[in-house]
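Shown next, in structure tokens, is the structure this report addresses.
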Amino acid sequence: MATPNIRVFPDLAALTAAAKQFVLEQATGAIAQGGQFTLALAGGNTPKPLYESLVSADTPWSQWHIFWGDERYVPLDHPDSNAGMAFQAWLNHVPIPKNQIHPMPTADADPQTAADRYEQTLRQTFGIREGEFPRFDLILLGMGPDGHTASLFPHTAALTVGDRLITVGNKDGQARLTFTVPLINHARQILFLVTGANKQTALRHIFGGTGDPHLYPARLITGNALWFLDQAAAEGVVQN
Ligand code: 6PG
């Protein structure tokens with residue numbers, strides 16, 4: 001792996017403040033350059049304080065376009081829903097036009113139908129054809145202790161899907177929808193938010209380029225990535 005771009009913060013609060021500033025800087029730049037900001041959100045727990053902090057942001061919300069990088073195949077009001085968390089923490093409290101917020105469809109007959117539908121949403125929104133990949137201004141990602149990111153889990157077929165934008169994953173029997181590796185790698189900017197000592201082992205393999213990449217899927221993210229770590233995750237992994 002090329003030398004990763006890493007910033008270490010003492011705790012989640014400091015990481016969240018820096019992430020808020022970074023997201024708003026990316027938004028300002030994208031809006032200045034192209035009149036819109038296309039952002040894909042991560043799920044899990046780490047980004048929730050960031051989403052809550054964005055409620056008070058001073059930014060042209062009418063030019064923000066929100067997507068999700070992955071989703072559990074549950075209804076929006078289910079406690080596991082990544083979109084449900086982001087709506088409650090942030091999106092219900094800011095004036096982004098509703099037709100510019102695109103939760104992954106999880107009420108379809110089956111996950112593959114939902115994946116196909118979300119691909120169409122991406123193609124229509126980005127004005128691209130089959131075989132082309134949208135270039136998100138920013139994709140937020142987390143990482144699990146096993147090195148998974150989005151819903152790209154170790155040694156699953158989702159890791160090798162190269163011609164799709166969205167694919168179906170599975171975690172403990174629960175279907176997931178997820179961005180594919182090539183879609184993520186096409187982003188102008190990727191920001192990983194990783195906290196907790198239980199991430200050290202995976203980070204060591206990912207930054208060290210050791211171990212089976214399919215065992216630590218975040219290693220497959222070779223695009224323009226910046227890593228925000230808290231001290232607990234970076235301990236013994238990154239020399240300060
Ligand atoms: C999900 C997330 C997942 C998450 C990691 C880290 O749907 O669960 O997209 O990839 O980012 O599991 O989760 P934490 O931030 O809770 O550690």
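Just so it is clear, none of the values below were taken in a lab; they were calculated from the coordinates. Please read all numbers here as calculations on a predicted model, not as lab measurements. Positions of Cβ are generated from backbone atoms using ideal geometry, with glycine treated the same way; all protein chains shown enter the neighbour counts.
A few comments on the model shown:
- Taking each DSSP H run with n ≥ 4 as -39500 (n - 2.57) and averaging over every residue of the chain yields -9000 deg cm²/dmol at 222 nm.
- Ranking 178, 207, 162 by how far each Cα lies toward the positive end of the dipole of the stretch 5-223 (charges on Cβ) leaves 207 at the top.
- Percent RCO, i.e. relative contact order, over the chain, from Cα pairs under 8 Å lying at least 6 residues apart: 24 percent
- Protection proxy ranking of 207-216, 50-59 - average other beta-carbon atoms within 10 Å, highest first: 50-59, 207-216
- Binned Cα-Cα distances of the chain, short to long, each 5 Å bin given as a whole percent: 1, 7, 14, 20, 21, 18, 12, 6, 1, 0
- Angstrom value of the Kirkwood radius, inverse mean 1/r, which spans all Cα pairs in the stretch 1-46: 12.6 Å
- Take the Cα of residue 125, step 7 Å toward its Cβ, do the same at residue 14, and the gap between the two points is 3.4 nm.
- The value of relative contact order for the stretch 3-122, using C-alpha pairs under 8 Å at least six residues apart, is 22 percent.
- Volume in Å³ per residue [convex hull over Cα atoms, computed for the stretch 77-175]: 135 Å³
- R0 of 30 Å, Cβ-Cβ distance residue 24-residue 78: FRET efficiency to nearest 0.05: 0.50
- Sorted peptide list for 188-195, 62-69, 230-237, 25-32, criterion being average Cβ within 10 angstrom, highest first: 188-195, 62-69, 230-237, 25-32
- Efficiency of FRET from Cβ geometry, residue 116 and residue 59, R₀ 25 Å, rounded to 0.05: 0.15
- Packing, taken as the mean count of other beta carbons within 10 Å per residue, orders the peptides 108-121, 146-159 from highest to lowest as 146-159, 108-121.
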